[in-house]
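Colleague: One structure, pasted below without further comment.
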Amino acid sequence: MAALSDWRSFWDGEHSIYVNARHKDVHYRDIADGIVGFVPSPQARVLDFGCGEAVHADRVAAAAGEVLLCEAAASVRATMAARFAGNPRIKICAPEELESRPSGSLDLIVANSVVQYLSAAELERLLALWRRLLAPGGTLIVADIIPPDVGALSDVVALLRYAMQHGFLLAALAGLARTAVSPYRKLRSQLGIAQYTEADFMQRLRAAGYTAERLTHNLEHNPARMSFRARPA
C-alpha cells in the first residue's frame, strides 16, 4: 500500500488541484448530481469511495436513505464531519472501516477519479471488497478511468473547456501554470498513474465477478476518460 500512502499524504495536505473556489464548487456539484442519477431509490444506501471534500453530498443525501462518504485523508474527513454534522443521512468513514461493514449493505457504490491512484493489487482488493458490500442487484460505478492514449494535453483542454462553461477561465490558466511546478505533478511523475484500455478494464471487472458495461458519458468533465457500470454476476 506504499503508493496509496503517498497519495494519501498528498490529499491530506494543502494542494491546488482546484484553481479557485468556483472550480471546486461546480466540480463537486456536478459530481453529486451525476451520482444522484444512479441512485436507485429514496431508501438506497450509497457509498462515495474516495469522495474528496464532497462539498455537495447533501444533494445525494436528499435522494437517498444513507450516504457514506469514504475518504483516506484524515483532515478531509474532519472537514466533512463538521460540514455535515446536522445531516443524519450522511456518515463519514475511513477506507479501513469498510472492512467491518456487513456484506450486502450497500445499493450503490461510486468510485470516481480513484483507480488511477491504485496499483493493480489495490484495485483487485477493492473490487472484491465492493462486490461483498453490494446488495443483490446493487450497482458499482467506477469513473474517470484514464486510457493509455489520453495524456496531459487532454486534461488541459478539458479543464479549459470546463472553465469557459462555468466562468473561471482566467483562474484556470493561472492554475495550470501552478500545476506545472506543483507537488502533484512531481508525485505523479514519481509514482505514475494507472491507465487502462476499455477492454482491459472490462476484463478486470469480469475477473472480479461482475457483469459490466462502459457508460456513454464519463462522470467527470473530461470526455476522453471512461466510466463503467458493474453489477455482481
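Colleague: Report the residue count in the stretch 53-104 for those that are touching a Cys at 6+ places or on another chain (Cβ under 6 Å) and more than 18 Å from Leu134 (Cβ to Cβ).
Modeller: Selection size over the stretch 53-104: 1.
Colleague: Pick from Ala57, Ala44, Ala62, Ala32: which is in contact with a Phe, Trp or Tyr (Cβ under 7 Å, 6 or more places away or on another chain) and at pLDDT 95 or above?
Modeller: Going through Ala57, Ala44, Ala62, Ala32 in turn, just one is in contact with a Phe, Trp or Tyr (Cβ under 7 Å, 6 or more places away or on another chain) and at pLDDT 95 or above: Ala57.
Colleague: Select from the stretch 63-109 the residues that are acidic (Asp, Glu) and out of contact with any helix residue (DSSP H, G or I) (no Cβ under 6 Å at 6 or more places or on another chain) and write down the one among them that is surrounded by the most Cβ atoms within 10 Å (Cβ to Cβ).
Modeller: Asp107
Colleague: Identify, please: which residue in the stretch 175-218 is part of a helix (DSSP H, G or I), among the aliphatic types (A, V, I, L, M) and at pLDDT 65 or above and is, among those, surrounded by the most Cβ atoms within 10 Å (Cβ to Cβ)?
Modeller: Top of the filtered list is Leu205.
Colleague: Right, next: Considering every residue within the stretch 110-119, establish whether at least one is surrounded by fewer than 17 Cβ atoms within 10 Å (Cβ to Cβ), over 14 Å from the mean Cα position of the chain (by Cα) and assigned to a helix (DSSP H, G or I).
Modeller: No, the stretch 110-119 contains no residue that is surrounded by fewer than 17 Cβ atoms within 10 Å (Cβ to Cβ), over 14 Å from the mean Cα position of the chain (by Cα) and assigned to a helix (DSSP H, G or I).
Colleague: Any residue at all in the stretch 62-72 that's β-branched (Val, Ile, Thr) and under 17 Å from Pro42 (Cβ atoms)?
Modeller: Within the stretch 62-72, one or more residues are β-branched (Val, Ile, Thr) and under 17 Å from Pro42 (Cβ atoms).
Colleague: Still on this structure, I have one more. Just one of the numbered conditions (1) of a type in the set (Gly, Ala, Ser); (2) modelled with pLDDT of 95 or more; (3) in a helix (DSSP H, G or I) is not true of Ala163; which one?
Modeller: (2)
Colleague: Another question about this same structure. If Leu170 satisfies every condition in (1) modelled with pLDDT of 95 or more; (2) in a helix (DSSP H, G or I); (3) surrounded by fewer than 19 Cβ atoms within 10 Å (Cβ to Cβ) but one, which is the exception?
Modeller: Tallying (1) modelled with pLDDT of 95 or more; (2) in a helix (DSSP H, G or I); (3) surrounded by fewer than 19 Cβ atoms within 10 Å (Cβ to Cβ), Leu170 fails exactly one: (1).
Colleague: Criterion first (under 13 Å from the mean Cα position of the chain (by Cα) and either more than 21 Å from Ala230 (Cα to Cα) or touching a residue at least 24 places away in the same chain (Cβ under 8 Å) (or both)) does Val76 satisfy it?
Modeller: No; evaluated as a whole, the condition is false for this residue.
Colleague: Of all residues in the stretch 219-232, which are of a type in the set (Gly, Ala, Ser) and either at pLDDT below 95 or within 22 Å of Leu160 (Cα to Cα) (or both)?
Modeller: Hits for the stretch 219-232 are Ala224, Ser227.
The values are calculated or read from the model by the stated rules, or taken from the named source; none is laboratory data. Quick caveat, the model's predicted, so the values are computed rather than measured. Using ideal geometry, Cβ is built from the backbone for each residue, glycine included, and neighbour counts are taken over all protein chains shown.
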